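The values are calculated or read from the model by the stated rules, or taken from the named source; none is laboratory data. If you're wondering where the values come from, they're calculated on a predicted model, not measured in any experiment. Cβ placement follows ideal geometry from the backbone for every residue including glycine, while neighbour counts extend to all protein chains displayed. Side chains are part of the model used for accessible areas, which takes the heavy atoms of the whole protein and leaves out ligands, DNA and RNA. Shrake-Rupley method; radii C 1.70, N 1.55, O 1.52, S 1.80 Å.
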Amino acid sequence: MSGIAAQLAEVKNRVAESCHNAGREVSGVKLVAVSKTFPAGDIRKAIEAGQTCFGESRFQEAEPKIAMLPEGLEWHFIGSVQRNKVRKILPLFGCIHAIDSLKLATYTSQVAGELGLSPEVFLQVNLAGEESKGGFSAKDLRAAMVRLMALPEIRIKGLMTIPPDSGNGEARKWFCGLRELRDALEADFSTSLPFLSMGMSGDYEAAILEGATHVRVGSSIFGTRSYRVDGELG
Ligand SMILES: *Cc1c(COP(=O)(O)O)cnc(C)c1O
């Protein structure tokens with residue numbers, strides 16, 4: 001087995017174990033393999049090992065890699081979305097994880113309508129109010145919720161967060177906070193927000209215990225990244 005195949009298998013085992021510990025079905029957690037900064041050849045190794053769902057955070061980097069790889073893969077855009085890239089991102093990525101303002105959501109819906117697409121999206125929440133990160137505050141999200149729900153061409157499936165880099169096991173409390181916010185929004189707005197995108201290499205097991213449906217795992221599968229990209233926060 002290549003390093004990537006072995007690491008992917010290890011992550012899948014740990015996802016399954018976390019699901020078991022949480023009393024959840026393994027089928028309820030999607031592993032988004034975050035391939036940003038890694039070449040198409042590395043992604044191919046993961047594909048050969050059975051992975052079909054990948055996450056990228058920069059359009060300029062992702063576009064040529066996607067073109068080199070087989071069709072039929074599932075691409076998730078996990079980085080911050082620049083308005084001037086929306087028209088290019090939508091045809092390649094069926095799911096967008098970091099819609100972080102009403103303005104961006106409105107524009108994305110408009111462009112999706114023009115392109116005849118209806119992407120799945122997550123609303124990014126900045127629970128800790130960190131300056132360095134995008135996302136709605138819980139308060140702003142509540143204030144925008146009715147208008148967000150009325151946007152016709154995006155399918156709002158849930159919430160996404162990137163907790164503060166704590167490295168001390170604190171991530172779980174933010175994951176719990178995101179789940180509680182989701183539960184409250186569902187009740188207060190009589191809507192369904194089934195998905196929670198939370199958990200990266202250092203904390204995906206805690207995220208699964210708190211109800212993550214999508215974990216975004218990069219370095220544990222592909223190895224240490226040798227350079228940073230825009231929108232990379234970990
Ligand atoms: C890079 C990135 C990840 C993956 O991080 P790892 O620590 O390598 O697993 C997850 N989510 C987002 C938004 C990222 O930018």
Could you give the Stokes-Einstein D for segment 1-121 in µm² per second, using the C-alpha Kirkwood radius, 10 °C, 1.306 mPa s?
102 µm²/s
Taking K85 as the anchor, which lysines have their alpha carbon closer than 27 Å to its alpha carbon, excluding any fewer than eight residues away along the same chain?
K30, K36, K65, K103, K133, K157
Any chance you could run the full-extension gain for E74 through E10? It's 0.36 nm times the residue separation minus the Cα-Cα distance, nm to one decimal.
20.9 nm
For the R24, S219 Cβ pair and Förster radius 25 Å, calculated FRET efficiency rounded to 0.05 is 0.55
Ignoring solvent entirely, what values of log10 I(q)/I(0) come out of the Debye formula for segment 141-189 at 0.22, 0.31 Å⁻¹ when each Cα is a single scatterer?
-0.85, -1.21
Log entry: pair-distance distribution for segment 86-130, C-alpha pairs binned every 5 Å from zero, whole % per bin is 5, 22, 32, 23, 8, 6, 3, 1
Longest the chain segment clear of trypsin sites (Lys or Arg not before Pro) sitting in DSSP loops (not H, G, I, E or B) with at most 15 other Cβ atoms within 10 Å runs 1-224
Taking H placed 1.01 Å from N in the peptide plane, check which residues at least 5 places from F195 or on another chain put their amide H under 5 Å from its amide H.
G158, L159
I want to verify a result. In a Gaussian network model of the chain, Cα cutoff 10 Å, which of these has the top mean-square fluctuation: G218, G129, G169?
G169
Let a ≥ b ≥ c be the square roots of the eigenvalues of the Cα gyration tensor of the chain; is it rounded (a/c under 1.5), or, if not, prolate (a/b larger than b/c) or oblate?
oblate
Which value results for Rg/Rh of segment 75-212 when Rg is the Cα radius of gyration and Rh the Kirkwood radius based on the inverse mean 1/r?
0.96
Accessible surface, per residue, of the chain when the full set of protein chains is kept, probe 1.4 Å, Å²:
45 Å²
D203 accessible area, 1.4 Å probe, all protein chains in place, Å² to nearest 10
40 Å²
Can you give the FRET efficiency to the nearest 0.05 for K85 and A184, using r as the Cβ-Cβ distance and R₀ = 45 Å?
0.90
Residue-averaged [θ]222 nm for the chain, counting only DSSP H segments that reach four residues, each worth -39500 (n - 2.57)
-13000 deg cm²/dmol
